[in-house]
Amino acid sequence: MKNILIPTDFSENAHNAIRYALDYFAEIPVNFYILHSSSKGKLQVDPEFEGFFDSEIQTVQNTTSLLKAEITTCRISTKNSEHNFFALEEDSNLVEAIRKQVSEKEIDYILMGTKGASKNNSSDMGSNTVEVITKVKCPIMIIPGDARFVGVKNIAFVTDYNCVYRNKVISTLSETLSLHNAPLRVLHVKSNNSDLSVTQTDNKGFLHYFFREKKHSFHFVENKELETGIENFVETWEISLVSIVAKNLNFIQRLLLRPAVKFVSYHTHVPFLVIHE
């Protein structure tokens, strides 16, 4: 039984994240915890998380009603009788609330709905995403507002091969591949005209050995063209999920928080899985 935590501000982005979660985990038993956090008894917008809380301010009574309605909708929408839903309310900021529930409920994954990119507004998921990634040690799936679950064809793992892949990273990746019987496409972000060092070669070899019984392949993109290279890779290889290790914060910021000035289309529909060691 998996335990999944989904923060909500009752916006369309949050609703979409819940819908995506129901489809993504459709085949396995799951306890879904739908969390709303607020301070001083109201749905107030904390400036620290301004990119996330963009719905109208509601009273505590309305919050409770909205959560109940959300749970009812989930129970109607799910096709799996082993999906259970629980409403959570916290009078604290988002990171504190998530950290508490991750510990108490033994959460396996956090799913966060976000605004996708548009041609007139580059993707910026707000400081809340970085806060949760850096301060909560739990795998986080980031679901763009335009993401729709249509199955998982290929899963990308973006890496520079500079870190040792510890058990948590490998087990989360392996579990993700097995859940949808999907191939792994390892994408190396390389410096210009640079060859792999001995350490990088060893780390790449470890990935090849560990996933030897699963379909996988290795690819690379030049660092200076990271956003464009990954966009092309996502489209060419029909990538349904992009995964990355949380310690590679520079990559995460480039891919998720500061995309190229030009329109990067994968931000609008491809979820990201950020894995902690």
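A few points about this structure:
- Prolate/oblate/rounded label for the range 154-271 (Cα gyration tensor, a/c 1.5): oblate
- Length gained on full extension, T236 to A26: 72.9 nm, using 0.36 nm per residue less the C-alpha separation.
- Compared with the alpha-carbon gap, the fully stretched path from S174 to L249 is longer by 24.8 nm at 0.36 nm per residue.
- Cross-link pairs exceeding 28 Å in C-alpha to C-alpha distance, out of K105/K247; K100/K190; K79/K105; K105/K190, comprise K100/K190; K105/K190.
- Each residue, A69 and E222, gets one label point 7 Å from its Cα in the Cβ direction; the gap between the two is 5.2 nm.
- Here the extension length gained between N181 and S77 equals 35.0 nm, from 0.36 nm per residue of separation less the Cα-Cα distance.
- Residue order, fewest to most surrounding Cβ atoms within 10 angstrom, among R212, R99: R212, R99
- Order of T176, T114 under a 10 Å beta carbon neighbour criterion, fewest first: T176, T114
- Sorted by Cβ density within 10 Å, fewest first, the residues I170, I107: I170, I107
- Where a label projected 7 Å from the Cα of Y209 along Cα→Cβ would reach, residues of the range 147-184 with amide N under 13 Å: 165
Rule-based calculations on the coordinates, nothing more; no lab input. No experiment lies behind these values; they were computed from the predicted model shown. Here the Cβ is made from the backbone with ideal geometry for all residues, glycine too, and neighbour counts use every protein chain on show.
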